[in-house]
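Below is one structure, written out as structure tokens; the observations come after it.
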Amino acid sequence: MQPLRRLALIALSAAALTACGAEERDPSSGPEDRASLERLELRVNQLERQLKELDRPASTGDSKTPAGPLRSLTLRTGTNDDRLRMYWSDGQTSDLVCSQEGKGIWACG
């Protein structure tokens, strides 16, 4: 790096650090800034907790859900018992009741 560029970079860094230090000593930064910082810290903590919950391994499942992969799915609509049927690799089946939520939109579960 050229000496002149290096000197300019050092000068800019020093100016930035001085500006940051001046903000910390600024008497106008009072309770509002502290409250804002506390709210941000609380939000960051909430997000970290949510991420930890997402990272946890899924539960072993409930008694209604067979273990193992799905073999196939069928969706039955336009009948008295609109449903999504799941065929599991172990031979079991599970049904989810479905209802039409809009044109071409179905909700099952």
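Every number here is computed from the coordinates shown, using simple stated rules; none is lab data. Just so we're clear, the structure is a prediction, and the values are computed from it rather than from any experiment. Positions of Cβ are generated from backbone atoms using ideal geometry, with glycine treated the same way; all protein chains shown enter the neighbour counts.
Database remark: amide H of Trp106 closer than 5 angstrom to the amide H of Glu101 (H placed geometrically; neighbours at sequence offset of 5 or more, or on other chains; Pro and chain starts carry no H).
Residue by residue, the stretch 92-103 carries 3J(HN,Hα) couplings of 6, 10, 9, 10, 10, 5, 10, 9, 7, 9, x, 5 Hz when phi is fed to the Karplus relation 6.51 cos²θ - 1.76 cosθ + 1.60 (θ = phi - 60°); x denotes Gly or Pro. For the peptides 101-107, 71-77, the ranking by mean Cβ contacts within 10 Å, running from highest to lowest, is 71-77, 101-107. Remark: the stretch 40-49, residue by residue, has Karplus-estimated 3J(HN,Hα) of 5, 4, 4, 5, 4, 4, 4, 5, 5, 5 Hz, where x stands for each Gly or Pro and the curve is 6.51 cos²θ - 1.76 cosθ + 1.60 at θ = phi - 60°.
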